[in-house]
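The values are calculated or read from the model by the stated rules, or taken from the named source; none is laboratory data. The model shown is predicted, which means the values in this text are computed figures rather than measured ones. Here the Cβ positions follow ideal geometry from the backbone for every residue, glycine too, while neighbour counts run over all protein chains shown.
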Amino acid sequence: MRRVRLACFFAGLLLSGSFAFGQQGRTQSWQGTDASVIAGHFEMNKRNEQRNITEHINVNYSISPMPFSKTLKLELSTALPTLFSADIVDARGQKVKHWVPQAKSYRYEETLDISSLPVGEYSLNIYSELGTTMQHRITFRKEKTN
């Protein structure tokens, strides 16, 4: 009986772990082994009228270097060229910085100057040409400039 309970316990752990992983489908963020980077991915939906389907576009992102004090390096990449833009908003929801690239691409690398921002909590809100709503939000803390 004890072996059956133990087997059920481990089976439950395995199932709950796979269920939790499966629930991460829309967004995922992690710092990994490099403590100076916040990275992850998210999906955007794109309607393909010719095929009458909704395509799911994967976007990889990273922001660095942590701790954020003078600059924030934003990297975005996707398989299909897509025009992105981003806003940095403060804890009150006020836009304090806006970024728009020069041209549509499948890969973006931009360094934003955040040295003049006060210390505090911020969000990087990412938008795309595929819709009018925010596609993803990355939160970060701006630290004292050395």
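Laid out as a table, the results:
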item	result
Selected residue (criterion: surrounded by the most Cβ atoms within 10 Å (Cβ to Cβ)) from residues of the stretch 134-146 that are at pLDDT 95 or above and among the β-branched types (Val, Ile, Thr)	ILE138
Some residue of the stretch 20-32 being part of a strand (DSSP E or B), surrounded by 10 or more Cβ atoms within 10 Å (Cβ to Cβ) and at pLDDT 95 or above	no
In the stretch 55-70, the residues that are closer than 17 Å to SER123 by Cβ and either under 16 Å from the mean Cα position of the chain (by Cα) or buried (at least 19 other Cβ atoms within 10 Å of the Cβ) (or both)	VAL59, TYR61, SER62, ILE63, SER64, MET66, PHE68
Per-region count, the stretch 115-133, residues modelled with pLDDT of 95 or more, closer than 13 Å to ASP87 by Cα and out of contact with any Leu (no Cβ under 8 Å at 6 or more places or on another chain)	4
Residue count for the stretch 78-87, restricted to those that are surrounded by fewer than 15 Cβ atoms within 10 Å (Cβ to Cβ), part of a strand (DSSP E or B) and of a type in the set (A, V, I, L, M)	2
Any hit, the stretch 84-100, residues being touching a residue at least 40 places away in the same chain (Cβ under 8 Å) and of a type in the set (A, V, I, L, M, F, W, C)	yes
Where a residue in the stretch 126-138 is farther than 13 Å from VAL89 by Cα and its partner, wherever it lies, is among the basic types (Lys, Arg) and assigned to a strand (DSSP E or B), with Cβ under 8 Å and at least six apart	LEU130/LYS46
Some residue of the stretch 69-77 being polar (S, T, N, Q) and not in a strand (DSSP E or B)	yes
Per-region count, the stretch 88-146, residues of a type in the set (A, V, I, L, M, F, W, C) and either assigned to a strand (DSSP E or B) or within 16 Å of the chain's Cα centre (by Cα) (or both)	10
Any hit, the stretch 34-52, residues being exposed (fewer than 11 other Cβ atoms within 10 Å of the Cβ), among the β-branched types (Val, Ile, Thr) and either in contact with a Phe, Trp or Tyr (Cβ under 8 Å, 6 or more places away or on another chain) or modelled with pLDDT under 90 (or both)	no
